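The values are calculated or read from the model by the stated rules, or taken from the named source; none is laboratory data. What you see is a predicted model; the values in this text were computed from it and never measured. In this analysis, Cβ positions are derived from the backbone assuming ideal geometry, glycine residues included, and neighbour counts consider all displayed protein chains.
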Amino acid sequence: MDNESASRVRHVACIGAGVIGGGWAAHFLARGYRVTAWDPAPDAAEKLRRLVDAAWPALTELGLAKHASRDNLTVADTLGEAVAEAEFVQESAPEDLALKQDLLAKIDAATPAGVVISSSTSGYPMTDMQTRCANPGRLVVGHPFNPPYLIPLVEVVGGESSEQWAVDFAAEFFEVAGKHVIKMDSEVPGFIANRLQEAIWREALHMVDNGEATVEQIDASITEGPGLRWPLLGPCLTFHLAGGEGGMAHMLDHFGPSLKSPWTRLEAPELTSELRDRMVDGCEEAAGGRSIPELVADRDKAVIAVMRAVNEVREAR
Ligand SMILES: NC(=O)c1ccc[n+]([C@@H]2O[C@H](COP(=O)([O-])OP(=O)(O)OC[C@H]3O[C@@H](n4cnc5c(N)ncnc54)[C@H](O)[C@@H]3O)[C@@H](O)[C@H]2O)c1
């Protein structure tokens with residue numbers, strides 16, 4: 001397949017249909033693709049349709065593609081059936097290396113020749129996942145963010161045995177499907193965004209573990225603080241502005257010595273059952289009785305509002 005054919009893809013297979021696979025299915029359906037999903041869980045089809053239904057109002061609000069319909073979703077009985085006519089495959093099974101190695105080999109064996117297979121993995125390098133595939137050249141990572149039907153970013157990167165055409169094809173396909181693609185030249189565990197998220201996450205766990213801050217304080221420190229700047233600027237340009245007229249140069253000269261201050265630990269703390277309970281209880285308290293579907297609906301509305309606000313500022317430049 002050449003890259004031009006990335007724009008001719010009409011049929012996507014979603015293998016694994018949980019939070020992420022279901023979110024991908026909703027995204028592709030809203031963009032007018034036919035989607036065939038497969039998931040071995042007995043209640044997977046029902047859960048998937050519930051997830052797609054819950055996402056549909058937000059997708060409708062954003063604007064559906066011509067011919068987009070939830071009727072374009074088929075849930076297959078077998079993996080082979082799901083990929084038989086696929087022109088692109090997105091794997092979103094649990095984050096377990098042995099499972100992914102085995103599943104990707106099976107997907108590779110069942111998928112028509114030349115069709116690119118992409119994995120949603122949060123952090124495994126494709127080099128480690130493609131080891132048992134007969135045609136590893138067509139396997140790439142296409143790492144989305146939750147919910148994949150709203151968050152534009154997909155990080156695309158190949159492994160040592162991936163071929164460049166497959167990486168280029170996946171990047172092109174995701175762009176055409178309405179995503180913002182970062183095509184990475186080198187594999188790094190966790191890719192880009194998860195390494196950054198993980199640094200914050202580990203520090204948050206340390207602070208809860210040591211009784212230095214509560215879940216509520218940690219979340220407010222971001223949502224009422226730096227989180228408001230990140231949609232537009234990202235962490236680097238944010239600090240560029242922290243340097244005033246002197247920009248990043250002044251910022252580094254001024255705050256450079258802080259890099260030696262004990263402001264971060266980075267190494268994760270031991271996930272004891274006590275720490276786990278504190279996180280879980282803290283989140284329940286922070287949710288204030290709102291159910292997960294209520295939180296999801298709120299989040300979706302907020303993400304759309306933020307994206308619209310950011311686009312307005314960008315377009316007015
Ligand atoms: N949840 C997130 O925020 C997030 C974000 C980006 C990427 N990811 C990645 O997406 C992938 C899926 O994560 P999730 O959060 O959707 O998990 P999930 O538990 O919600 O869904 C996993 C689904 O895979 C199914 N499954 C189990 N064994 C399978 C098999 N052998 N073949 C196919 N399907 C199988 C399960 O029945 C389940 O429905 C993981 O690799 C994860 O790291 C997750």
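Observations, loosely collected:
- Among the residues of this structure, residue 6 does not count as one that is touching a Leu at 6+ places or on another chain (Cβ under 8 Å), more than 16 Å from the ligand (Cβ to nearest atom), of a type in the set (A, V, I, L, M, F, W, C) and farther than 17 Å from residue 91 by Cα.
- Residue within segment 21-33 that is among the hydroxyl-bearing types (Ser, Thr, Tyr), under 15 Å from residue 148 (Cβ atoms) and away from the ligand (no atom under 16 Å from the Cβ) present: yes
- Counted residues, segment 125-136 - those being in contact with a strand residue (DSSP E or B) (Cβ under 9 Å, 6 or more places away or on another chain) and outside any loop (DSSP other than H, G, I, E, B): 3
- For residue 86: the one exception among (1) within 10 Å of the ligand (Cβ to nearest atom); (2) under 29 Å from residue 189 (Cβ atoms): (1)
- Residues satisfying the stated conditions in segment 198-255, i.e. small (Gly, Ala, Ser) and within 21 Å of residue 288 (Cβ to Cβ): 204, 213, 220, 221, 225, 227
- Complete set of residues in segment 42-57 that are within 11 Å of the ligand (Cβ to nearest atom) and either in contact (Cβ under 8 Å) with a residue 24 or more places away in the chain or under 17 Å from the mean Cα position of the chain (by Cα) (or both): 44, 45, 47, 48, 51
- Considered as a group, the residues in segment 111-124 that are within 12 Å of the ligand (Cβ to nearest atom) and not in a loop (DSSP other than H, G, I, E, B) include one that is farthest from residue 21 (Cα to Cα), and that residue is 118.
- Scope segment 134-161; condition more than 20 Å from the chain's Cα centre (by Cα) and surrounded by fewer than 16 Cβ atoms within 10 Å (Cβ to Cβ); matching residues: 134, 160, 161
- Which numbered condition residue 63 misses (of (1) within 13 Å of the ligand (Cβ to nearest atom); (2) free of Cβ contacts under 8 Å to residues at least 12 places away in the same chain; (3) over 19 Å from the mean Cα position of the chain (by Cα)): (1)
- Qualifying positions in segment 268-317 - assigned to a loop (DSSP other than H, G, I, E, B) and either of a type in the set (Gly, Ala, Ser) or in contact with a Ser or Thr (Cβ under 9 Å, 6 or more places away or on another chain) (or both): 268, 288, 289, 291, 316
- Members of segment 1-48 that are among the polar types (S, T, N, Q) and touching a Ser or Thr at 6+ places or on another chain (Cβ under 6 Å): 36
- From the options 103, 99, residue that is in contact (Cβ under 8 Å) with a residue 60 or more places away in the chain, under 27 Å from residue 198 (Cβ atoms) and either away from the ligand (no atom under 13 Å from the Cβ) or assigned to a helix (DSSP H, G or I) (or both): 103
- Filter pass, residue 24 being aromatic (Phe, Trp, Tyr), surrounded by fewer than 21 Cβ atoms within 10 Å (Cβ to Cβ) and closer than 26 Å to residue 299 by Cα: no
- Counting only helices (runs of 4 or more DSSP H) that sit completely within segment 163-256, those holding 1 or more residues that are exposed (fewer than 13 other Cβ atoms within 10 Å of the Cβ) and modelled with pLDDT under 95 correspond to 193-209, 215-223, 230-242, 247-255.
- Matching entry among 131, 111 (being surrounded by fewer than 24 Cβ atoms within 10 Å (Cβ to Cβ) and modelled with pLDDT of 95 or more): 131
- Any chance residue 265 is at pLDDT below 85, assigned by TED's automatic domain parsing to the domain that holds residue 238 and either in a helix (DSSP H, G or I) or touching a helix residue (DSSP H, G or I) at 6+ places or on another chain (Cβ under 6 Å) (or both): yes
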